[in-house]
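The values are calculated or read from the model by the stated rules, or taken from the named source; none is laboratory data. Because the structure is predicted, anything quoted here is derived from the model rather than measured. For neighbour counting, all protein chains shown are included, and Cβ atoms are generated from backbone atoms with ideal geometry for every residue, glycine included. Surface areas here come from the heavy atoms of the whole protein model, side chains and all, with no ligands, DNA or RNA. Shrake-Rupley method; radii C 1.70, N 1.55, O 1.52, S 1.80 Å.
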Amino acid sequence: MKFGLEKIAALCEELGHPERAFRSIVIAGTNGKGSVTVMVETAIRAAGHRTARYTSPHLVRLEERFVIDGREVETGALRDGVATVRAAVESLMHRGVFDSPPTFFECATAAAFELFRRARVEIAVLEVGLGGRLDATNIATPIATAITSIDYDHQAQLGGTIEAIAREKAGIIKPGIPVVCGPLPPAADAVIREISKARGAAVIEALDEVRIVRREHDASVDVRSRTRTLEDVTMALRGRHQLDNAAVAVALLDELANQGITVPDSAVRTGLTQAEWPGRLERFTRGRIEILLDAAHNPAGTRALASHLQEIGWSRVTLLFGAMRDKDVWHMLEALAPFCELIVCTTAPSPRALSASELAASAGALGRTVEAIADPAAALARAMEMGRPIVAAGSIFLIGPLRDILR
């Protein structure tokens, strides 16, 4: 990781500013930013606009990060786009503009901009990679922004307090450009409001603008904002936390409508009912065993997962867990332990991952039976031997390979 906008700015200039070829929406947040990105892009596409979305990281294939009109970019097109970016990087290196290469994420972001320009995209929804202020996506000048949530994660890069993390995420707020906010801790909310006021950016509180109420006798919800009423909506993405994400998405779509971008009620409904975001409370069945995959990768994420397990009545599950070295593993596991009969720790396929044995050492004090199996496929096989529901969580770098096995 090398934070800063200098290299992505120079790279975009070398490419002829592809990020200016379309309107963009930038979405940040500790959790929920990917879900909101998918809901918003799905709705705008359903409204008849030519859309794209850029998300990270990917589960299995790099192509997943680049979606144009609802389809992953083809490998050949991605190769061509990356070749163009590579040529630009080599030219900048040769001329001494760069003294070292850009990061992987900077190159991927530049490739996204180039691909979207070539596809003549009208509106692109960009998910921030990490933080906001110094993230490569922040080179774009958006028509609207959103901050879905703020909690503890990536403290080494973003700071050790909620206020410090909020300041980094508030870096996406641009002068005069509205920012939609999900529910935030008071300390974070104060920072966002301070920075928004200084930049003349209106703050739109999603939960003040959009009310989502669960129906009493089924799984659907009613959605009401100042300009819309949608009844009997069955959310595509599971979990109570997705209702807050949906409120952010609807508030953002209402703001786009205020700016003259047509997004009818039917399109908003499509965004909520047809959004596809794999690896987020995603269920598989193998024989009589149910398996729930969730990319929860920080304490706030595992608390949301625990809430969902309580809601669906799962207990005495087998937890298949892998996490990165920079994560607050103890508090992640603490939220899930009450639902577990067995915790199988494994090593996610990433150089940043904690080993299965290191995770097992942390989990040992939770009062649950703990096993360490380094290979994720073998760990999954062991979990299935238990014959109980399986919950896999801890890192998207674990969920991707497990999902590939299950599919």
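Observations on the structure shown:
- Taking the DSSP beta bridges with both ends in the chain, the antiparallel portion is around 35 percent.
- Extreme residue, positive dipole direction of the stretch 203-301, given options 223, 212, 237 (C-beta unit charges): 237
- Solvent-accessible area per residue in the stretch 180-273 equals 48 Å², computed with a 1.4 angstrom probe and all protein chains kept.
- Modelled spin labels at residue 307 and residue 371, positioned 7 Å past Cα toward Cβ, are 3.2 nm from each other.
- Positive-end extreme of charge dipole, the chain - chosen from 397, 251, 85 (charges on Cβ): 85
- Just the protein heavy atoms count here, and of the accessible area of the chain at 1.4 Å, carbon and sulfur take up 49 percent.
- Applying both filters, DSSP loop and at most 14 other Cβ atoms within 10 Å, to the trypsin sites (Lys or Arg not before Pro) of the stretch 264-317 gives 288, 316.
- The stretch between residue 87 and residue 75 holds 2.5 nm of extra length on full extension. This uses 0.36 nm per residue minus the Cα-Cα distance.
- Measuring between their Cα centroids, the stretch 258-292 and the stretch 375-395 lie 25 Å from each other.
- Sorted largest first, extent of the stretch 181-220 alpha carbons per principal axis (Å): 46, 19, 10
- Computing FRET efficiency as 1/(1 + (r/R0)^6) for residue 231 and residue 326, where r is the C-beta to C-beta distance and R0 is 35 Å, gives about 0.20.
- Reciprocal of mean inverse Cα separation for the stretch 71-126 (Kirkwood radius, Å): 12.1
- A simple spin-label model places pseudo-atoms 7 Å from Cα toward Cβ; at residue 197 and residue 406 they are separated by 4.7 nm.
- Length-normalised contact order of the stretch 300-407 in % [C-alpha pairs under 8 Å, at least 6 apart]: 32
- Hydrodynamic radius (Kirkwood) for the stretch 125-255, which is based on Cα pairs only, to one decimal in Å: 15.5
- The P(r) of the stretch 1-96 has a tail past 22 Å containing 40 percent of all C-alpha pairs.
- Taking all protein chains together, 282, 163 sort by accessible area into 163, 282, largest first [probe 1.4 Å].
- Annotation note: GluC sites (Glu not before Pro) in the stretch 177-230 located in DSSP loop regions with a Cβ neighbour count of at most 11 within 10 Å are 216.
- Accessible solvent surface per residue of the stretch 1-96, calculated while the other protein chains remain in place, 1.4 angstrom probe, Å²: 43
- Debye intensity ratio in log₁₀ form over the Cα atoms of the chain, taken at each q of 0.07, 0.11, 0.12 Å⁻¹: -0.32, -0.82, -0.98
- Value of D in µm² per second that Stokes-Einstein yields for the stretch 310-407, Kirkwood Rh from Cα pairs, at 25 °C (0.890 mPa s): 187
- Per residue, the stretch 286-392 exposes 40 Å² of solvent-accessible protein surface, assessed with a 1.4 angstrom probe and all protein chains in place.
- Working from label points 7 Å from Cα in the Cα-to-Cβ sense, the residue 222 to residue 284 distance is 3.9 nm.
- Extension gain, residue 164 to residue 97: 0.36 nm times the residue separation minus the Cα-Cα distance gives 21.0 nm.
- FRET efficiency, 1/(1 + (r/R0)^6) with R0 41 Å, evaluated for residue 378 and residue 120 via beta carbons: 0.30
- The relative contact order of the stretch 238-316, computed from alpha carbon pairs under 8 Å that lie at least 6 residues apart in sequence, is 28 percent.
- Spatial separation of Cα centroids for the stretch 159-232 and the stretch 11-81, in angstrom: 22
- Quotient of Cα Rg and 2.2 N^0.38 Å for the stretch 204-361, N being how many residues it contains: 1.23
- Computed lengthening from residue 2 to residue 104, 0.36 nm per intervening residue step minus Cα-Cα distance: 35.7 nm
- Reachable lysines from residue 174, criterion Cα separation under 19 angstrom, eight or more residues apart if same chain: 33, 197
- Contact order, relative form, for the chain: 16 percent (alpha carbon pairs under 8 Å, 6 or more residues apart, mean separation divided by residue count).
- Cleavage-rule hits (GluC sites (Glu not before Pro)) in the stretch 1-106: DSSP loop, at most 14 neighbouring Cβ within 10 angstrom: 74
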